[in-house]
Amino acid sequence: MLSTLALKYCHQILYDPKFFIRKEFKFKKLPIIVRMLIIQLMDPAERLQYKKRTLIQNTALAINKMSDVFKMDGLEMVFTKVTPSLIRLKDIFSNDTFKSSWNKITLHEIVFNSKIVNFFLNMADLRKEFHIFGCDMPLDFKHENAFKFRTNDYGDARWVTLSDMIKIRGVENVTLGRTTLTSNNVRRFIYRWINCQEDMFLWMQIRAMEIIQLEGLFNELVVLEVNENPPNSGYFTLAKSISRAHKLLFIDYKFNVVVLSAWKPYDNADRYGNIEEKFKNVYEIMELLEKEKTLEKEFEETTDVTKQREYSNQIQKLERKIHELGVVYRDGRATI
C-alpha cells in the first residue's frame, strides 16, 4: 500500500491532470503516510533547504529517499495531450536522478515534434522502453536508434520500411501499429528473421496494410502447425542459425496482423505456464521433423538399396516418436 502511494506521489508531483509540469511542489497534498515517510527520511538541514530548491530538485530528492525504502524498478514518464518543451526535458534529464532512474517513456496523443522525439531516441537503451501512441508521424521519419530500446512501440509506423526492420537486433518487444507494409513485405521480413544469424527480438507485432498470405513461405520450411480456430493460423519453425539463443520461432497471424515470437529451446512452457502446456515438447518435435526431412532427402538421393532400407527404418522410428508426442498430420502437414 505504502509503495503504491509513493509511486503515485512521484507521478503527481510532476504533472497536473493534463500533464503540465507543476509550478510548485504540492507537499501538503500528499497522503499523510507519504509525508511522514519523507519527513522521517530527511535530515533537518534538508528540510530547511526545501523552499530554496527547484521543483525538479525536490522531486529528485523525494525519489532518492523513497528508493532507500522501497524497491523501485524505475520511473515511467507519460506525456499526453500537450507536447513537452525541449527546454523542460533538458532540465529534467540533466538531473542525475531522472537521468539514471527513468525506465519507460510514453508519448500519448501529442502533436509530433521531431526535436522532442529525437531527444528521447538519443537516449536509447536496451534496458528501457519507448512508446508513441495516438500521434501521426511523418512518412519520411528516420532515426538510427528507433529500434534500440528493450521495448519499441509505435502506434503510427507508416514510416517504417523493410530496410529498417531487418536491422533490428537484440531487443525484446516491437509493436508496429499502422504500417504501409504489404503481405509480400511481411513474408520477406519473416524469411530474413528465420535466416538471421543473430536474435532480432523476442516478440513483435506487425499490422500490415492488407491481408497477410504466408502459405508460400511455409511450403519452403519445416513447420509444425498449431490447431487454432479459423481465421487464426499459427506455425512453429526453427531458426536456421545454430548460434542463436532463441531458436524456436512461432508465427501467428490473422487477417492483416502477424505476431512473431522467439523462444529458447525449452522455455515456451515456462513462459506461458499451464495454458501452453501442450507446447512443452515443441522443440523436441521440431528437431525430429527436421531430422525426418533430412533422412527423406537422403533416401531420395541414394540408389543404394541397403541405405534406402536403413533410411526407411529410421524414418519409421521417427514417425512413431513424433506421433507419441501428440502430432497428427493434416493435408500432409504436422499439426499439434
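Quick note: the coordinates plus some simple rules give every number you see, no bench work behind them. All figures in this text were calculated on a predicted structure; none of them were measured in a lab. Glycine also receives a Cβ, built like all others from the backbone with ideal geometry; neighbour counts cover every protein chain displayed.
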(request) Calculate, in whole percent, how much of the Cα-Cα pair population of the stretch 171-246 lies beyond 18 Å. (result) 47
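Neighbouring Cβ atoms within 10 Å as the yardstick, rank Tyr266, Tyr311 fewest first.
Fewest to most other Cβ atoms nearby, the residues stand as Tyr266, Tyr311.
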(message) For the ranges 95-101, 246-252, what's the packing order if you count other beta-carbon atoms within 10 Å of each residue, average per peptide, and put the highest first?
(response) 246-252, 95-101
(message) Here is the link list: Lys264/Lys307; Lys104/Lys142; Lys167/Lys247. Which ones come out longer than 30 Å on Cα distance?
(response) Lys264/Lys307
(request) Starting with the fewest neighbours, write out Thr303, Thr161, Thr179 ranked by other beta-carbon atoms found within 10 Å of each beta-carbon. (result) Thr303, Thr161, Thr179
(request) Going by C-beta contacts inside 10 Å, put Met286, Met165 in order with the fewest on the left. (result) Met286, Met165
(message) Please report the net charge: other residues with Cβ closer than 12 Å to the Cβ of Thr151, K and R +1, D and E -1.
(response) 0
